[in-house]
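The values are calculated or read from the model by the stated rules, or taken from the named source; none is laboratory data. The model shown is predicted, which means the values in this text are computed figures rather than measured ones. Note that each Cβ is placed from the backbone with ideal geometry, even for glycine, and that neighbours are counted across all protein chains shown. Quick note on the areas: whole protein, heavy atoms, side chains included, nothing else; ligands and nucleic acids left out. Shrake-Rupley method; radii C 1.70, N 1.55, O 1.52, S 1.80 Å.
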Amino acid sequence: MATKHDLVDWLHEALRSLKGRGTIAELCKHVWEHYEKELRQSGDLFYTWQYDIRWAAYQLRKSKKMKPESLS
């Protein structure tokens, strides 16, 4: 079962796929298109993943894999 920690990797993959940039809608669309099955089987995460993906973005920023919010 997927957890919100998986969202960090999925979001990072989405960013790489979109050449390092994209709107939140584009990134969420990518995650949904590639991980719908996992999300549907993830219990409560299915209902919160679009909120939790913002937490994942924070984690990527913290690890310097994503630009600070002020620069993006």
Ranking 60, 5, 25 by how far each Cα lies towards the positive end of the charge dipole of the chain (+1 on Lys and Arg Cβ, -1 on Asp and Glu Cβ), the top one is 60
Probe 1.4 Å - accessible area at residue 40, Å² to nearest ten: 140
Students often get this wrong, so try it: which of [x] 4.3; [y] 5.1; [z] 5.6 is mean projected area of the Cα convex hull in nm² as calculated from the structure shown? [x]
GNM top mover of 41, 50, 59 - the chain, alpha-carbon springs below 10 Å: 41
Hey, if you put +1 on the Cβ of every Lys and Arg and -1 on every Asp and Glu Cβ in the chain, which of 35, 14, 48 ends up farthest toward the positive end of that dipole? 14
With every protein chain kept in place and ligands, DNA and RNA left out, what is the accessible area per residue of the chain? Probe 1.4 Å, answer in Å². 73
Calculated from DSSP helices alone, with each H run of at least 4 adding -39500 (n - 2.57) and the total divided by the residues of the chain, [θ]222 nm to the nearest 500 comes to -22500 deg cm²/dmol
Kindly sort 1, 66 by accessible area of their heavy atoms, largest first, with the probe set to 1.4 Å. 1, 66
Only four residue types carry charge here, +1 at the Cβ of Lys and Arg and -1 at the Cβ of Asp and Glu. Report the dipole size of the chain about the Cα centre in Debye, rounded to the nearest 20. 420
With a 1.4 angstrom probe the carbon and sulfur portion of accessible area for region 3-72, in percent, totals 50
Note on the chain: contact order normalised by length, alpha-carbon pairs under 8 Å, 6 or more apart, percent, works out to 44
Along Cα→Cβ, 7 Å out, is where each label goes; now give me the distance between the ones at residue 44 and residue 59 in nm to one decimal. 1.6
